[in-house]
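Single-structure report; data block below.
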Amino acid sequence: MTYQSHIAELGKTISENGAPWAAIDAASAARMAVQNRFPTGLDIARYTAKIMREDMEAYDADPAKYTQSLGTWHGFIAQQKMISIKKHFGSTKRRYLYLSGWMVAALRSEFGPLPDQSMHEKTSVPALIEELYTFLRQADARELGGMFRELDAAKEAGDAVNTHRLLREIDEHQTHVVPVIADIDAGFGNAEATYLLAKKMIEAGACALQIENQVSDEKQCGHQDGKVTVPHEDFLQKIRAIRYAFLELGVPDGIIVARTDSLGAGLTKQIAYSTEPGDLGDQYNAFLDAEEVDPANVTNGQVFISRDGKLMSPKRLPSNLYQFRAGTGEDRCVLDCITALQNGADLLWIETEKPHVDQIAGMVDRIREVVPNAKLVYNNSPSFNWTLNFRQQIFDKWAEEGKDVSAFDRDKLMSIDYDGTELAQEADEKIRTFQRDGAKRAGIFHHLITLPTYHTAALSTDNLAKEYFGDQAMLGYVKNVQREEIRQGIACVKHQNMAGSDLGDDHKEYFAGEAALKAGGKDNTMNQFEAA
C-alpha cells in the first residue's frame, strides 16, 4: 500500500467515526503506519523467511551470490550495522544478522558473564531477538521521518519535482529489517523444551533457527573441548519440533540450520537404539571405541553391544560417557549432515577447528553425493587465529611446491617480523577471498562472524581509555571519536536524533498540535552538527 493510499484509507475510517475523531489527521496517522511496517514479530518472521528462501535459490543458481552476517548482542549494534550497510552499499540485500548464544551468555545473562554452556536464561534469547527488531524498526521510522520532513519542505516550497521524487522514495523505502539466524543452542532441554523456546523465538521475529547436536546439559562452545553429541534420532526429534513450531505459527518458509559438532566431539552420552544392522542407530554405534569381550573376563558395570556378530564393550569413562574411535570425526559429520537434510533441515553448519576451504569442501562433496543442493552456514570464528592459520597454510603450500621456506619459523608466523613478507601478503589475500572461495568451492551459502562486536567494543574502548585518561585527555575523544563520526558521516553523531528525539517531536505535534512542547528547537545543541 502506498503512502497516498494509506492517507485515503485512514481518511475514510476517520470520517466514518464522526466528530469524536475529528482531531485525528489522516496524513499523520498514515505516516505512523508507514513508519511501522511490521506490527508483530510474526510479520517479520514471514517476511524475512521469504527473503532467505529467495536468497537460497539465487545461491543455487550462482554461488557468487552468497550471504553474510555479523553477530550482535544489542539492538543498537544491529541498528548501526544496517544503517552502515545502507549508507555504504545502498542495499541490505544478502546481508543478515546473527544472534550468537555465546554472546547472550557472555553479555546478556542476569547471572553476569557466563561461558557458552547453555547456563544463561533461555528466555533472554527471544527477548534479544525482539530487541534487535525494535531497533531496526526504529531505524525505519527515523529514516522515513526525515523523508517526511523533506516532503513537507518540498510541498511548502511548491517544488513539485522533489515532492514527486520523495513520494516515490517513501513508497520504495527499503527496510532495515533483515533475516536473523538465531542460536537455540542444543534446545535447552528435550524436544518439547525445544519446541516451546522455538515458538518464542519465532514470535519475536526469527525466521531461521540454528540448533546443534550436542547434549543440552553437557553443551560446550563449538571451539572448546569436552563436547558430547547425541544419537541422530534425539537430534531429529528437535528438528521436527522446530518445524512444528514454524508451521503452527504460520511461517512455513522458516529455516532450520542443523549444526554438527562431531568433528571436534569425541564423546557421547548414549548408545543409540538399534533394531537391525545398518540402521541409523547401528551406524552411530559403529563409531564407538569398543573392544571384543572375553566372556570369561567380564568386569562389574561393563556395558555390551553386538557388532558384526561379536560381543563388544564400548569404552566407558568415569564421567559415564562413551568415547568414539579416533579419526572418525569427518565421517560422523558427513553422516550427521546427510541425516539432518533428509529429515527436515534446510541448511548445515559444520563447526571446524580451523578455516580451511579444502577441508570443508571435502566433507561437502561427500554430502552432495547424496543431497546435491546441500548448503552450509559457516562460522568465520574469532576463535580461530586467522593470521597464523593462513600463514601456515601458505607455508605448507610453498613447502609442498618446493619453494624455499627456510626464512620462516612455522610455529612463529604470527610474529610482526613477517608482516611485510610475500608469505604474509599471500596469506592476507587468501583471507580476503576466503568467503568467496568457500561459497564457490565448499557450498557455503552464508558466512557469519559470531562475535565481531564483542571484540570491536573491547578494542575501541581500550583505545579510547588509553587516550582519554592519558595525556590526550578530551582530545582523545574529540579527535578519535567525534571528529571521525563527523568526517565519516556516522549518523549517531546526532545521538538525540538516533535515540528518537525527532520522532518524539513529530508525535507531540500529531497529538497536541500547536501546544506541543518540542525538543528540537533553536537551543538544541544537536543543531551544531547540521553543517557537518
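Read-outs: derived from the displayed coordinates by stated rules, not from any lab. Keep in mind that what you see is a predicted model, and the values were worked out from it rather than measured. Note that we place each Cβ from the backbone using ideal geometry, even for glycine, and neighbour counts take in every protein chain shown.
Tabulated data
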| read-out | value |
| --- | --- |
| ³J(HN,Hα), Karplus 6.51/-1.76/1.60, whole Hz, each residue of the range 443-450, x for Gly, Pro | x, 8, 7, 10, 9, 9, 10, 5 |
| Binned Cα-Cα distance frequencies in the range 184-306 - 5 Å width, integer % | 2, 11, 19, 17, 16, 13, 10, 5, 3, 2, 1, 0, 0 |
| Between 0 and 90°, nearest 10: helix 357-368 axis offset from the chain longest Cα axis | 80 degrees |
| Calculated FRET value between Ala407 and Val161, using beta carbons and R₀ = 45 Å, to 0.05 | 0.10 |
| Pairs beyond 18 Å (Cα-Cα), from Lys354/Lys430; Lys354/Lys397; Lys466/Lys494 | Lys466/Lys494 |
| Taking N as its residue count, the alpha carbon Rg of the chain over 2.2 N^0.38 Å | 1.16 |
| Charge sum, other residues only, whose C-beta stays under 9 Å from Val177's C-beta, Lys/Arg counted +1 and Asp/Glu -1 | +1 |
| Distance cut-off 23 Å, percentage of C-alpha pairs in the range 269-371 lying past it | 39 percent |
| Pairs of alpha carbons in the range 1-145 whose separation is greater than 27 Å (percent) | 41 percent |
| P(r) tail fraction, the range 397-508 - alpha-carbon pairs more than 23 Å apart, % | 63 percent |
| Range in the chain, longest, excluding exposed GluC sites (Glu not before Pro) [loop by DSSP; at most 15 other beta-carbon atoms within 10 Å] | 173-352 |
| The range 53-211, relative contact order in percent, only Cα pairs under 8 angstrom and at least six apart counted | 24 percent |
| Relative contact order (percent, whole number), the range 401-532, Cα cutoff 8 Å, 6+ residue spacing | 11 percent |
| Spin-label model distance (nm) - Arg483 vs Lys518, 7 Å beyond Cα toward Cβ | 3.4 nm |
| Whole-number Å³ per residue for the convex hull built on Cα positions in the range 449-532 | 136 Å³ |
| Derived scalar couplings ³J(HN,Hα) [the range 239-255; Karplus, 6.51 cos²θ - 1.76 cosθ + 1.60; whole Hz; x for Gly, Pro] | 4, 5, 4, 5, 5, 4, 5, 4, 5, 4, 8, x, 10, x, 7, x, 9 |
| Dimensions in Å of the range 375-446 - Rg and Dmax from alpha carbons | 13.4, 40 |
| Cα-based radius of gyration of the range 155-206 once divided by 2.2 N^0.38 Å, which approximates compact folds | 2.20 |
| Spatially proximal aspartates and glutamates relative to Lys310 (Cα-Cα < 19 Å; intrachain offsets below 8 disregarded) | Glu276, Asp279, Asp282, Asp289, Glu291, Glu292, Asp294 |
| Three-way shape label, the range 305-346, alpha-carbon gyration tensor, a/c 1.5 | prolate |
| Volume of the Cα convex hull of the range 1-52, divided per residue and given in Å³ | 87 Å³ |
| Hz values of 3J(HN,Hα) by residue in the range 299-314 - Karplus curve (6.51, -1.76, 1.60), Gly and Pro given as x | 9, 4, x, 5, 10, 10, 9, 9, 9, 6, x, 10, 8, 10, 10, x |
| Nearest-ten-degree value, helix 3-16 long axis tilted from longest Cα axis of the chain | 70 degrees |
